[in-house]
Amino acid sequence: MSSPTGNKYTVLLPTYQERDNLPLIVWLLVKHLGGCGYNYEIIVIDDNSPDGTLEVAKQLQEIYGEDKIVLRPRKAKLGLGTAYVHGVKHATGNFIILMDADLSHHPKFIPEFIKKQSEGNYDIISGTRYALGGGVYGWDLMRKLISRGANFLAQTLLRPGASDLTGSFRMYRKDVLEELVSRCISKGYVFQMEMIVRARECGYTLGEVPISFVDRLYGESKLGGMEIVSYAKGLLYLFATT
Ligand SMILES: Nc1nc2c(ncn2[C@@H]2O[C@H](COP(=O)(O)OP(=O)(O)O[C@H]3O[C@H](CO)[C@@H](O)[C@H](O)[C@@H]3O)[C@@H](O)[C@H]2O)c(=O)[nH]1
């Protein structure tokens, strides 16, 4: 079946300890991309998860095919930002979707990203929790405050022209993403914010789609104290240098 838009979409799924989430997120991606006739591939970038995530990914590859599920594992946990950079090198789509593998980002929004992109011919589509129609469900008050606070600080200091700077559900033109990762120095969660700052520097256009972010049911967040410190350092660095 040919893709309704004539494009190929690569989904990058970074995984660390996502054995229980991977089968469902992959099934939902197959349903919302393959089921709508889109040409797509899913690249799983696993960082040697001790829970056997890679073995589950191999089983999914047998079910859905090697052209649909591509495995690009790494030997150690090297950080979320670098996992995306690694995945981009292997992507064959002309649009690339970055998202979490823990079911916080529902694949049902991807056709909305695709529609928005084609309506405005945007370089980047960013899913936003912090604009009208978006939301966060399942986080405790502390986690909501951390996310809102980080976003507010970044908005105030960087004025980047995107309402959700810390979110990670986005779609990029491949050449745009390649250019941005070549400029980006962040390795961890702060990568998402730096990408938007670099996009503004390059003059790329950005459209937003409201999304609902739902906290994971299985497994645990990897956003610990060290990541928060590194986010704060990254924010100050971007404020001072851009
Ligand atoms: N390969 C790889 N994957 C990783 C790593 N660290 C995290 N991941 C994967 O990255 C995704 C997000 O990680 P979580 O730890 O589940 O993130 P979260 O707490 O739900 O954080 C969400 O909110 C943050 C703040 O808004 C976002 O910055 C973040 O991207 C994410 O959407 C998951 O698929 C997780 O397995 C890593 O070092 N390597």
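The values are calculated or read from the model by the stated rules, or taken from the named source; none is laboratory data. If you're wondering where the values come from, they're calculated on a predicted model, not measured in any experiment. Cβ placement follows ideal geometry from the backbone for every residue including glycine, while neighbour counts extend to all protein chains displayed. The protein model used for the area step is the full one, side chains on, heavy atoms only, and it has no ligands, DNA or RNA in it. Shrake-Rupley method; radii C 1.70, N 1.55, O 1.52, S 1.80 Å.
Kindly evaluate GLY65 against the criterion of being at positive phi and at pLDDT 95 or above.
For GLY65, the condition - at positive phi and at pLDDT 95 or above - is met.
Assess whether LEU153 counts as being more than 9 Å from the ligand (Cβ to nearest atom), touching a helix residue (DSSP H, G or I) at 6+ places or on another chain (Cβ under 7 Å) and open to solvent by 60 Å² or more (accessible area, probe 1.4 Å). Reasoning before the result, please.
Numbers: more than 9 Å from the ligand (Cβ to nearest atom): yes; touching a helix residue (DSSP H, G or I) at 6+ places or on another chain (Cβ under 7 Å): yes; open to solvent by 60 Å² or more (accessible area, probe 1.4 Å): yes.
Against the criterion (more than 9 Å from the ligand (Cβ to nearest atom), touching a helix residue (DSSP H, G or I) at 6+ places or on another chain (Cβ under 7 Å) and open to solvent by 60 Å² or more (accessible area, probe 1.4 Å)), LEU153 qualifies.
What is the residue count in segment 203-242 for residues that are within 21 Å of PHE169 (Cβ to Cβ), open to solvent by 50 Å² or more (accessible area, probe 1.4 Å) and of a type in the set (Lys, Arg)?
Residues meeting the conditions: 1.
Could you please find all residues in segment 201-219 being at pLDDT 90 or above and out of contact with any strand residue (DSSP E or B) (no Cβ under 8 Å at 6 or more places or on another chain)?
If the condition is that a residue be at pLDDT 90 or above and out of contact with any strand residue (DSSP E or B) (no Cβ under 8 Å at 6 or more places or on another chain), then GLU201, CYS202, GLY203 are the ones that fit.
If you go through segment 1-41, how many residues are in a loop (DSSP other than H, G, I, E, B), touching a strand residue (DSSP E or B) at 6+ places or on another chain (Cβ under 6 Å) and free of Cβ contacts under 8 Å to residues at least 60 places away in the same chain?
Within segment 1-41, residues that are in a loop (DSSP other than H, G, I, E, B), touching a strand residue (DSSP E or B) at 6+ places or on another chain (Cβ under 6 Å) and free of Cβ contacts under 8 Å to residues at least 60 places away in the same chain number 1.
Okay, residues lined up against (1) out of contact with any helix residue (DSSP H, G or I) (no Cβ under 6 Å at 6 or more places or on another chain); (2) not in a loop (DSSP other than H, G, I, E, B):
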{"position": "ILE43", "(1), (2)": "no, yes"}
{"position": "SER49", "(1), (2)": "yes, no"}
{"position": "VAL70", "(1), (2)": "yes, yes"}
{"position": "PRO73", "(1), (2)": "no, no"}
{"position": "SER104", "(1), (2)": "yes, no"}
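Among the residues of segment 80-102, what is the count of those that are part of a loop (DSSP other than H, G, I, E, B) and surrounded by fewer than 22 Cβ atoms within 10 Å (Cβ to Cβ)?
Residues in segment 80-102 being part of a loop (DSSP other than H, G, I, E, B) and surrounded by fewer than 22 Cβ atoms within 10 Å (Cβ to Cβ): 4 in total.
With the condition kept exactly as written, say whether any residue in segment 183-194 is in contact with a strand residue (DSSP E or B) (Cβ under 7 Å, 6 or more places away or on another chain) and either more than 10 Å from the ligand (Cβ to nearest atom) or of a type in the set (S, T, N, Q) (or both). Spell out how you get there, then give the answer.
At the first step, the residues of segment 183-194 found to be in contact with a strand residue (DSSP E or B) (Cβ under 7 Å, 6 or more places away or on another chain) are none.
Looking for residues that are in contact with a strand residue (DSSP E or B) (Cβ under 7 Å, 6 or more places away or on another chain) and either more than 10 Å from the ligand (Cβ to nearest atom) or of a type in the set (S, T, N, Q) (or both), one finds none in segment 183-194, hence no.
I'd like the residue in segment 124-142 that is open to solvent by 30 Å² or more (accessible area, probe 1.4 Å) and in contact (Cβ under 8 Å) with a residue 24 or more places away in the chain and, out of all such residues, is nearest to GLY35 (Cα to Cα).
This residue is GLY133.
Looking at segment 57-87, which of its residues are of a type in the set (A, V, I, L, M) and farther than 15 Å from VAL30 by Cβ?
LEU71, ALA76, LEU78, LEU80, ALA83, VAL85
Quick one: how many residues across segment 166-182 are surrounded by 24 or more Cβ atoms within 10 Å (Cβ to Cβ) and farther than 14 Å from LEU98 by Cα?
So the count comes out to 0.
Have a look at ASP51, ASP47 and point out the one that is farther than 25 Å from ILE124 by Cα and more than 9 Å from the ligand (Cβ to nearest atom).
ASP51
One line per residue, one yes/no per condition, for (1) touching an Asp or Glu at 6+ places or on another chain (Cβ under 8 Å); (2) in a strand (DSSP E or B); (3) not hydroxyl-bearing (Ser, Thr, Tyr):
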position	(1), (2), (3)
TRP139	yes, no, yes
MET142	no, no, yes
ARG148	no, no, yes
ALA154	no, no, yes
ALA162	yes, no, yes
ASP175	no, no, yes
SER186	yes, no, no
VAL197	no, no, yes
ARG200	no, no, yes
